[in-house]
1. Report, ordered by the first and then the second residue, all pairs with beta carbons closer than 7 Å, sequence separation of six or more or different chains, a first member in segment 119-141 that is of a type in the set (Val, Ile, Thr), and a second member that is crowded, with 19+ Cβ neighbours inside 10 Å and not in a loop (DSSP other than H, G, I, E, B).
2. Checking the structure you have, find out if any residue of segment 107-127 is in a helix (DSSP H, G or I), more than 21 Å from GLU55 (Cα to Cα), at pLDDT 95 or above and in contact with a Cys (Cβ under 8 Å, 6 or more places away or on another chain).
3. When you go through LEU34, LEU56 one by one, which is the residue that is touching a Pro at 6+ places or on another chain (Cβ under 9 Å) and in a helix (DSSP H, G or I)?
4. Which one is nearest to the ligand (Cβ to nearest atom) among residues in segment 6-25 that are more than 13 Å from GLY127 (Cβ to Cβ) and of a type in the set (S, T, N, Q)?
5. Out of curiosity, is ASN73 polar (S, T, N, Q), within 11 Å of the ligand (Cβ to nearest atom) and either within 23 Å of PRO1 (Cβ to Cβ) or under 13 Å from the mean Cα position of the chain (by Cα) (or both)?
6. Within segment 15-34, can you find the residues that are within 15 Å of the chain's Cα centre (by Cα), free of Cβ contacts under 8 Å to residues at least 60 places away in the same chain and surrounded by 15 or more Cβ atoms within 10 Å (Cβ to Cβ)?
7. THR67 versus (1) out of contact with any Gly (no Cβ under 9 Å at 6 or more places or on another chain); (2) surrounded by fewer than 18 Cβ atoms within 10 Å (Cβ to Cβ); (3) part of a loop (DSSP other than H, G, I, E, B): which is the lone unmet condition?
Amino acid sequence: PRILLLNGPNLNLLGKREPETYGYQTLSDIVEHLTDVATEHDIDLRHEQSNAEHELIDHIHAAMGNTDFIIINPAAYTHTSVAIRDALLGAAIPFIEVHLSNVHAREQFRHHSYLSDIAKGVICGLGADGYEFALLSAAKQLKQTNN
Ligand code: DQA
């Protein structure tokens, strides 16, 4: 199975950025660990991070026809982007939405997501573990579809 991990704006600063909220691991630490987990499960994991909305949209388009599942942390675009929602709807690739922090325990404007109602599932508040749980769940869902 081929899974695309997509990280949105400011997540390149992980480790340095508000570590009490987002943790001390860098994005490369997280991706390195996830790649190991993916290998153990025979998953081909690709990763892209961008601070630009149109680049995230282009990555979603480019995934059409070659990706079985997307794991996405859209970061601030979660709360603003109809365009990313439409890209995911258009690509029709199942996805899990992940947030490091518990967005529901934070400012009101983080409580709404433009993606949650069209996601297979949503994980938030579990830090970097959330990505791993999403990966394991995606692997399990893909096995079920292929059987
Ligand atoms: C985030 C939560 C968003 O509200 C915020 O804008 C982010 C990161 C998270 O992973 O907790 O940049 O998606």
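1. From residues that are of a type in the set (Val, Ile, Thr), the pairs are VAL122/GLU97; ILE123/ILE96; ILE123/VAL98; ILE123/GLY130; ILE123/ALA134.
2. Scanning segment 107-127 turns up no residue that is in a helix (DSSP H, G or I), more than 21 Å from GLU55 (Cα to Cα), at pLDDT 95 or above and in contact with a Cys (Cβ under 8 Å, 6 or more places away or on another chain).
3. The match here is LEU56.
4. That would be ASN10.
5. Yes; evaluated as a whole, the condition is true for this residue.
6. LEU27, VAL31
7. (2)
The values are calculated or read from the model by the stated rules, or taken from the named source; none is laboratory data. In this text, all values refer to a predicted model and were calculated from it rather than measured experimentally. With ideal geometry, Cβ positions are generated from the backbone for all residues, glycine too; neighbour counts draw on all protein chains shown.
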